[in-house]
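Chemist: Sharing a structure, written as structure tokens. Questions coming.
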Amino acid sequence: MPAPERTFRDGARAGLPYAGASGVLALSFGVVATDVGVPAVAAIVMSAVVFAGSAQFASIAILAAGGGVGAAAAAAALMNSRFVPMGFAVGPSLKGSRVRRALEGQVMVDSSWAMAANGDGSFDRRYMFGHTAVQYVAWVLGTTLGVVVPTLDARALGLDAVFPAFFLTILGGELRDRHQRQGDRTAGRAGARRVGRGADRAAHAGARHRAHRRRRTGHRGSAVVSAGAVVSAGSVVRAGAVVRTGTVLSAGAARRGAPS
């Protein structure tokens, strides 16, 4: 029996820890963006539209190094290219036309994609939506806080370590789910083997019972045949005796009645 599809609320509840990490990471982005001269409104709009931490940090790094907008956009596109195969994977689980599925695919982020996977190639779309929604709110709010409080020092607060820690958390959750799925498969195979052994034992017991019944039936048949042979032989013997006796009597009577 397949597991029931997880809901939007389930995804939102499971996404709260990731939302906290996203908020801190967005706070770091807002601080770094204002440090390199990005206007506050532009940083907030970028977080609301792009909503991709690795792409945003890559583009900000290019701008901070003196690169142009084209180079920054190319770096962001390269960082987001991972979503192409991820989108192909999640596409069959989305609903509606191609346009609708393309729009729904924009909701996908790394953690929601990984956590919404069922392990059989399918995804719980509502769970993914809820997982992403709470992170989106935290991302935009964190960026806003980072740009309105520019005196924060991201490195002094250790915010530069949040980004790798975020992806390590995703990896850990995926490894735990994979281990659990492997355990489920192992338990299923063990159960199948137990059922198979039970079926083999039942088949062997049935075969022994049928062989025993055939042997008993064979003994009874032999007894019947033997008894029939005895009865038939006795009848023949008795019939022969009668015939022979009658013949002797007839012969004797004939001799006595014959004239001398």
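Chemist: Tell me, yes or no, whether segment 13-26 has at least one residue that is at pLDDT 90 or above and over 24 Å from Trp113 (Cβ atoms).
Modeler: no
Chemist: When the residues of segment 62-74 are filtered to those that are within 15 Å of Val32 (Cβ to Cβ) and part of a helix (DSSP H, G or I), which remaining residue is least open to solvent (accessible area, probe 1.4 Å)?
Modeler: For segment 62-74, the residue satisfying everything is Ala72.
Chemist: Say whether the condition of being within 25 Å of Asp10 (Cβ to Cβ), touching a strand residue (DSSP E or B) at 6+ places or on another chain (Cβ under 9 Å) and assigned to a helix (DSSP H, G or I) is met by at least one residue in segment 92-105.
Modeler: Yes: one or more hits.
Chemist: Here's something else I'd like to know. Just one of Ala77, Ala58 is open to solvent by 30 Å² or more (accessible area, probe 1.4 Å) and of a type outside the set (Phe, Trp, Tyr); which is it? Write out each step before concluding.
Modeler: Numbers: Ala58 fails: open to solvent by 30 Å² or more (accessible area, probe 1.4 Å).
The match here is Ala77.
Chemist: Name every residue in segment 39-59 that is in contact (Cβ under 8 Å) with a residue 12 or more places away in the chain and more than 28 Å from Leu103 (Cβ to Cβ), in order of residue number.
Modeler: Matches in segment 39-59: Ala40 only.
Chemist: Looking at segment 30-45 only, could you name the residues that are part of a helix (DSSP H, G or I) and either among the β-branched types (Val, Ile, Thr) or out of contact with any helix residue (DSSP H, G or I) (no Cβ under 6 Å at 6 or more places or on another chain) (or both)? If you could, list the steps in order and put the result at the bottom.
Modeler: Initial filter on segment 30-45 (part of a helix (DSSP H, G or I)): 30-35, 40-45.
Selection gives Val31, Val32, Thr34, Asp35, Val41, Ala42, Ile44, Val45.
Chemist: Related question: In segment 34-66, how many are under 17 Å from Val109 (Cα atoms) and touching a Gly at 6+ places or on another chain (Cβ under 9 Å)?
Modeler: 1
Chemist: Another question about this same structure. Please find, among Arg101, Arg155, the residue that is open to solvent by 60 Å² or more (accessible area, probe 1.4 Å), of a type in the set (Lys, Arg) and at pLDDT 90 or above.
Modeler: Working: Arg155 fails: at pLDDT 90 or above.
Going through Arg101, Arg155 in turn, the sole match is Arg101.
Chemist: Moving to a separate point now. What number of residues within segment 11-49 are of a type in the set (A, V, I, L, M), over 21 Å from Gly66 (Cβ atoms) and surrounded by fewer than 15 Cβ atoms within 10 Å (Cβ to Cβ)? So that I can check it myself, show each step before the final result.
Modeler: So the first thing to find is which residues in segment 11-49 are of a type in the set (A, V, I, L, M), and the list is 12, 14, 16, 19, 21, 24-27, 31-33, 36, 38, 40-46, 48-49.
So of that shortlist, the ones also over 21 Å from Gly66 (Cβ atoms) come out as 12, 14, 16, 19, 21, 24-27, 40-41, 44-45, 48-49.
Now restrict to residues that are surrounded by fewer than 15 Cβ atoms within 10 Å (Cβ to Cβ): 16, 41, 45, 48-49.
Count: 5.
The values are calculated or read from the model by the stated rules, or taken from the named source; none is laboratory data. In this text, all values refer to a predicted model and were calculated from it rather than measured experimentally. Cβ sites come from the backbone with ideal geometry, for glycine too, and all protein chains shown count toward neighbours. Just so you know, the surface numbers come from the protein's heavy atoms only, side chains and all, with ligands and any DNA or RNA stripped out. Shrake-Rupley method; radii C 1.70, N 1.55, O 1.52, S 1.80 Å.
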